[in-house]
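For reference, the structure is listed below as structure tokens.
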């Protein structure tokens, strides 16, 4: 497990910024968070079909910033592609090749039933069967937010994933609609 | 800048190092940095420093750094530590502070108003049953001095020990209140199953994430509770410099100073006009 720090400093309201402000450790800030966001950083996030022709990656980052500014310390962000990484500064930093959701779910199982878990993804996992098998071991819900065009095969998978764990599924036709989904979870 | 040639003499006398040099402010400052106050004494009549022998390498280095050529007339005899058990009347115990030498000690005053006792942090920690300094701890467990598998009873005990030391009612030092807030927060999380599980998960998932740890509270690292500012203290330690200084190694007992009316002596450090002094009350 590794973590990534932003060269441009922490996002306002991110765990590291809140920890710094309150003079506490990142772990302590994390323990007060509500939502664990696991965001897909696979290559398909580079699709330029998002707001004003921007990459999904850029718009998702913009939305994550807004959420954390509005709800400081409420969101712990992890990015996944080939592996999973903690992003204490609040936004993901890199694009990977694979969509290893199975590995990501195995990792965030540590937060199962303790935090609201939200998977934000735009594509299909490398191994749907394995990812679903891990998801079924969760005691608490996994909520999903689909980013992409309506009717995409990935959307069906994320719906199934949420249903299998008793989670809610949100749809963001564009990443710019990511915020309402996370805010709905924060509001309970 | 040339320093010229200066000579210092260093020899051993009655198990103590004796250092004689010309007056040099820079060197004296260096000496005070490398040798803690309880381990050195200025012998005014003889115009020499008397120092515990284990600091000889540090003194030699300081001499070299300041351009001295020293004449080592030491007889090679090593002083052996002679630990004694004694009951001392402690009229005031200051907060434990990080000294220039890096050591953390609290100074104690005798009934004649002389600062003759030195309590290392480890002795205070052992006596109070609080093994860690919460301001330096990076986890809630460390703040309460318990391990990560601690039972609820152990967590409560760790919190009680800390509260005895740092509760604002027991300790009027402003730094103590801040420490008490830290340990209370740690207790509230660890004593609650769900909060503890969330914290444990966060700790595991964060892994080696950067820490933004709270800064240490100035140089006071162990504010002594008011209750323990004075008393009859049974200690184990070593008397130095002709029994004029006592380096405490262990606290064995602590009794209040009671007068014939059954009142207990309390002491408080008061600063007035830039100078500090101890105020006493019988309560």
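Just so it is clear, none of the values below were taken in a lab; they were calculated from the coordinates. Source: prediction; values computed, not measured. Here Cβ is always computed from backbone atoms with ideal geometry, including for glycine, and neighbour counts include all displayed protein chains.
Each residue, residue B:44 and residue B:160, gets one label point 7 Å from its Cα in the Cβ direction; the gap between the two is 5.0 nm. The relative contact order of the range A:96-175, computed from alpha carbon pairs under 8 Å that lie at least 6 residues apart in sequence, is 30 percent.
Model label points for residue B:65 and residue B:89, set 7 angstrom from Cα along the Cα-to-Cβ axis, are 4.1 nm apart. Taken residue by residue and averaged, Cβ atoms of other chains lying within 10 Å of the Cβ of B:188-201 number 3.
The length gained by stretching the chain between residue B:172 and residue B:14 to full extension, at 0.36 nm per residue less their Cα-Cα distance, is 52.6 nm. With the simple spin-label model, which puts each label point 7 Å out from Cα in the Cβ direction, the residue B:256 to residue B:148 separation comes to 4.3 nm.
R0 = 60 Å: FRET efficiency of residue B:110 with residue A:168, Cβ-based, nearest 0.05? Using R0 = 60 Å, I get an efficiency of 0.25. The order of the peptides B:38-44, A:27-33 by mean Cβ neighbours within 10 Å, most packed first, is A:27-33, B:38-44.
Rounded is the label for the range A:68-183, because the ratio a/c of its alpha-carbon gyration tensor axes (a ≥ b ≥ c) stays below 1.5.
Between the range A:72-96 and the range B:117-178, how far is it from one alpha carbon centroid to the other, in angstrom? With the range A:72-96 and the range B:117-178 each reduced to a Cα centre, they are spaced 35 Å.
On the basis of the beta-carbon distance and an R0 of 35 Å, residue A:82 and residue B:188 show a calculated FRET efficiency of 0.35. As a proxy for reagent exposure, ranking B:167, A:143, B:277 by other Cβ atoms within 10 Å from fewest up yields B:277, B:167, A:143.
Entry note, the range B:82-283: relative contact order of 27 percent, from Cα contacts under 8 Å with a spacing of 6+ residues. Taken along its three principal axes, the alpha carbon spread of the range B:110-184 comes to 48, 22, 21 Å, from the longest extent down to the shortest.
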